[in-house]
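*Asks:* Pasting a structure below so you can have a look.
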Protein chains: 2
Amino acid sequence: MQKEIELFRDGLKKNNLKVTRQRLRVLEAFLKTEKHVSCDELYRLIRGEHPEIGYATVYRTLKLIQEAGLAREVDFGDKVLRLEHEYGHKHHDHLICLACGKFFEVFDPDIEALQEKLAKKQNFTPVRHKMDIFGYCQKCQGKSASCV
Amino acid sequence: MQKEIELFRDGLKKNNLKVTRQRLRVLEAFLKTEKHVSCDELYRLIRGEHPEIGYATVYRTLKLIQEAGLAREVDFGDKVLRLEHEYGHKHHDHLICLACGKFFEVFDPDIEALQEKLAKKQNFTPVRHKMDIFGYCQKCQGKSASCV
DNA sequence: GTATAATTGAAAATGATTTTCAATTTCATA
DNA sequence: TATGAAATTGAAAATCATTTTCAATTATAC
């Protein structure tokens, strides 16, 4: 966590931005949660300990955290911006359960290699990609989405 | 196109919904465009010929088109709901250019097979998946996103 | 044709995200 | 450690896509 805070400070300094109490609180809250957290969820978490920090500040700081390379966007199809940890977390794909909403992180080097090859074949230079598989997890086998 | 219209009518009838002039106009407009169209874009297209059709009707009809299995959602990361043709269009993945915004449809059966295997290994029953590769297309090589 | 249930368009509501702005805070420099 | 320019803050308002409301209209089974 110290390393992440260092990277965040560096990112701010590099852009002539200031290291404020609020920004550090938001970063700490983000680092503490391992969830794929939305801005609203993080705001509620922070509000408990620091009710003086406003929604806009949380929102703005999340952008900065992304820009510092500490978080990446994930999209679970619910139209809400969610962020997951990036630093120290390798790229991975997601299995997302349509019944219970839980997600699982997976990684397959063979798929990654084929994706790279597929892009190259089209003379396309890949920068990043995302792959999400929606379905039913072990516990929810046989359930349908409406049974949630 | 006749087949699609037939399927749409059937879908409506099955749910005790009515086949209206407006719904047919929206479907036709959707079928005519091969783009990954947003609700707003489609509304503007329709407005030219049928200014009496309202936004809400376009929006509602797009839902029905989806439910009839004629369109599926795509997400290009711009927070806007977009639909692409589903009927007669096989599943595919997308290469999305960060510079010019163009996209390319690709398909690799080996990747599909590995995805299936990956899910199974986690006792996960896949229903659908999406894979988007963001990067730079042949024309935009070397450009950065800010050069658009 | 008539009854009735669904549909329509306009406008308003919603909900996440983003901006505005006056007051406050940071921090490089003195 | 003080100072002042520049950045930041929180609250509220604005934005923007999406979704709902509702009274008037329309489709369709009989």
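*Asks:* Inspect segment B:67-89 for any residue being in a helix (DSSP H, G or I) and out of contact with any Lys or Arg (no Cβ under 7 Å at 6 or more places or on another chain) and give the result as yes or no.
*Replies:* Within segment B:67-89, one or more residues are in a helix (DSSP H, G or I) and out of contact with any Lys or Arg (no Cβ under 7 Å at 6 or more places or on another chain).
*Asks:* If you check A:ARG60 against the conditions, is it near DNA strand C (Cβ under 9 Å from one of its atoms), closer than 19 Å to A:ARG9 by Cβ and either assigned to a helix (DSSP H, G or I) or open to solvent by 50 Å² or more (accessible area, probe 1.4 Å) (or both)?
*Replies:* Criteria met by A:ARG60.
*Asks:* Let me ask another. With A:GLY48, A:GLY135, A:GLY54, A:GLY101 as the choices, which residue is more than 14 Å from the chain's Cα centre (by Cα), open to solvent by 60 Å² or more (accessible area, probe 1.4 Å) and farther than 23 Å from A:LEU7 by Cβ?
*Replies:* That would be A:GLY48, the only listed residue that is more than 14 Å from the chain's Cα centre (by Cα), open to solvent by 60 Å² or more (accessible area, probe 1.4 Å) and farther than 23 Å from A:LEU7 by Cβ.
*Asks:* Just to verify a result, which residue in segment A:75-109, among those that are acidic (Asp, Glu) and out of contact with any Gly (no Cβ under 8 Å at 6 or more places or on another chain), is nearest to A:PHE30 (Cα to Cα)?
*Replies:* In this case the residue turns out to be A:GLU84.
*Asks:* In this structure, is A:TYR55 without any contact (Cβ under 8 Å) to a residue 60 or more places away in the chain, out of contact with any His (no Cβ under 9 Å at 6 or more places or on another chain) and of a type in the set (Ser, Thr, Tyr)?
*Replies:* So A:TYR55 fits the description; yes.
*Asks:* With the structure loaded, tell me whether A:ILE111 is touching a helix residue (DSSP H, G or I) at 6+ places or on another chain (Cβ under 7 Å), within 10 Å of chain B (Cβ to nearest Cβ) and either surrounded by 15 or more Cβ atoms within 10 Å (Cβ to Cβ) or aromatic (Phe, Trp, Tyr) (or both) or whether it fails that test.
*Replies:* The answer is yes for A:ILE111.
*Asks:* What are the pairs with Cβ atoms under 6 angstrom where one residue, in segment A:1-18, is within 15 Å of A:ALA71 (Cβ to Cβ) and the other, located anywhere, is within 14 Å of DNA strand C (Cβ to nearest atom) and modelled with pLDDT of 95 or more? Sequence gap at least six, or different chains.
*Replies:* A:PHE8/A:LEU27; A:LEU12/A:VAL19
*Asks:* Go through (1) away from DNA strand D (no atom under 14 Å from the Cβ); (2) in a helix (DSSP H, G or I); (3) open to solvent by 50 Å² or more (accessible area, probe 1.4 Å) and name the single condition B:LEU31 misses.
*Replies:* For B:LEU31, the exception is condition (3).
*Asks:* Output the number of the condition that A:HIS129 fails; it satisfies all remaining conditions of (1) surrounded by 16 or more Cβ atoms within 10 Å (Cβ to Cβ); (2) out of contact with any Asp or Glu (no Cβ under 9 Å at 6 or more places or on another chain); (3) within 10 Å of another protein chain (Cβ to nearest Cβ).
*Replies:* Among (1) surrounded by 16 or more Cβ atoms within 10 Å (Cβ to Cβ); (2) out of contact with any Asp or Glu (no Cβ under 9 Å at 6 or more places or on another chain); (3) within 10 Å of another protein chain (Cβ to nearest Cβ), the lone unmet condition for A:HIS129 is (2).
*Asks:* Can I ask one more? Take the conditions of a type in the set (Lys, Arg), modelled with pLDDT of 95 or more and away from DNA strand C (no atom under 11 Å from the Cβ) and apply them to B:ARG9. Does it pass?
*Replies:* So B:ARG9 fits the description; yes.
*Asks:* Sticking with this one: For the structure I just gave you, tell me whether A:GLU34 is modelled with pLDDT under 95 and either in the same structural domain as A:GLU105 (by TED's automatic domain parsing) or more than 11 Å from A:LEU83 (Cβ to Cβ) (or both).
*Replies:* Answer is yes for this residue.
The values are calculated or read from the model by the stated rules, or taken from the named source; none is laboratory data. Computed from a prediction, not measured in an experiment: that's the story for all the values here. With ideal geometry, Cβ positions are generated from the backbone for all residues, glycine too; neighbour counts draw on all protein chains shown. Accessible surface areas use protein heavy atoms only, side chains included; no ligands, DNA or RNA. Shrake-Rupley method; radii C 1.70, N 1.55, O 1.52, S 1.80 Å.
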